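Below: one structure, written as structure tokens.
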Ligand SMILES: Cc1ncc(COP(=O)(O)O)c(C=O)c1O
């Protein structure tokens with residue numbers, strides 16, 4: 001048999017998705033892969049039922065159904081203050097996952113360098129490799145996950161084509177302040193670099209933190225390729241609806257990549273999701289309140305058990321420090337945690353470029369009774385996981 005492509009040789013399968021399979025194998029409460037166990041908004045589901053009997057079963061326009069793009073442009077302007085043309089500045093994709101890949105393929109050539117903050121959402125490394133790009137990692141330093149502007153500028157001096165910015169950030173929960181975004185924007189303009197943002201948690205931010213859009217900063221609209229999705233905002237991770245927003249010359253390229261990768265996102269699901277894009281401010285306020293309550297419940301529960309952890313400013317992940325347990329491998333720790341304690345977690349090492357082995361990631365996008373069950377199980381962690 002001929003040799004297979006070596007394109008994927010340098011990375012494994014997704015550790016996040018693998019931990020879901022391991023959790024399921026041991027019947028663990030799965031707090032590894034970030035998806036809710038509560039229902040999406042009723043209005044969206046009601047519309048989905050109607051759509052089943054309407055005429056939305058063939059391909060939509062490849063770059064997204066007209067009414068979806070129009071509703072999205074309206075919502076985006078409402079929150080970011082930026083008016084966009086739904087025809088020439090949006091491509092609807094199969095989740096932010098495809099959006100990020102299409103953005104990377106549209107902006108970079110093989111051999112180009114791309115700056116990535118570490119810790120990072122694990123897809124970015126694979127995206128870069130699949131595009132033939134070379135990641136330049138810049139640390140976000142625990143426990144505050146701040147960055148050193150001089151270290152960042154050092155990376156910009158290496159002539160990167162783009163920088164990937166996850167804001168709010170998975171896994172560390174950092175919400176970049178406007179000042180921090182301005183430092184990054186200043187460097188992007190000085191060194192003529194694109195910023196590819198992943199803003200899937202734009203509506204999950206804890207007061208007093210606020211989300212600022214990179215594209216809204218002066219001079220940044222033309223060099224920002226914004227990726228986001230409906231997965232987290234409307235609790236529909238399985239629907240695979242995401243998008244890229246960028247100026248027309250970039251979107252022209254993204255349309256081509258997207259067309260040949262997937263043709264389009266699912267037409268009936270786009271149609272049903274318009275009900276969500278049309279929600280008023282009340283929906284987003286209630287979403288914040290819901291996640292603020294879950295964050296409180298879960299973090300205070302971890303405190304009661306005596307676990308040291310991060311205090312996320314946004315998104316719904318918490319990094320728990322496991323250094324006191326004396327394990328050499330956090331992957332080993334997570335496998336045993338699923339097996340012995342019955343809670344699924346992701347080894348922190350899968351997010352860090354640095355040889356970091358002291359964190360596991362748990363998420364709290366679950367019903368309160370699921371979170372309470374997980375906390376009850378975690379109560380025995382010191383007895384069951386001690387060495
Ligand atoms: C930072 C980040 N980006 C993208 C995704 C995937 O988003 P989507 O479901 O839209 O592909 C996730 C999912 O956990 C994520 O945490």
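We did not get these values from a lab; they are worked out from the coordinates using the rules stated. This is a predicted model, so every value here is computed, not measured. Note that each Cβ is placed from the backbone with ideal geometry, even for glycine, and that neighbours are counted across all protein chains shown.
Quick look at the values:
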item: Estimated distance in nm for a label pair at residue 191 and residue 126, the labels positioned 7 Å out from Cα along Cα-to-Cβ; result: 2.7 nm
item: DSSP beta bridges in the chain [antiparallel fraction, %, rounded to 5]; result: 45 percent
item: Shape of the range 90-140, Cα gyration tensor, a/c cut at 1.5; result: oblate
item: Simple spin-label estimate for residue 1 and residue 263 in nanometres, 7 Å along Cα-Cβ; result: 2.9 nm
item: For the range 1-66: rounded, prolate or oblate by the Cα gyration tensor [a/c cutoff 1.5]; result: oblate
item: Cα-Cα pairs of the chain separated by more than 32 Å (percent); result: 34 percent
item: Stokes-Einstein D for the range 260-387, Kirkwood Rh over Cα pairs, 37 °C, 0.692 mPa s (µm²/s); result: 195 µm²/s
item: Inter-probe distance in nm under a simple model that places probes 7 Å from Cα toward Cβ, at residue 288 and residue 12; result: 3.9 nm
item: Neighbour-count order for 361, 157, 295, 253, fewest beta carbons within 10 angstrom listed first; result: 157, 253, 295, 361
item: Spin-label zone in the range 258-287 - amide nitrogen under 18 Å from a point set 7 Å from the Cα of residue 77 along the C-beta vector; result: 277-281
item: Cα gyration tensor category, rounded, prolate or oblate, for the range 209-268 with a/c compared to 1.5; result: oblate
item: Computed lengthening from residue 70 to residue 209, 0.36 nm per intervening residue step minus Cα-Cα distance; result: 47.1 nm
item: Among beta bridges that DSSP assigns inside the range 58-278, antiparallel share in %, nearest 5; result: 35 percent
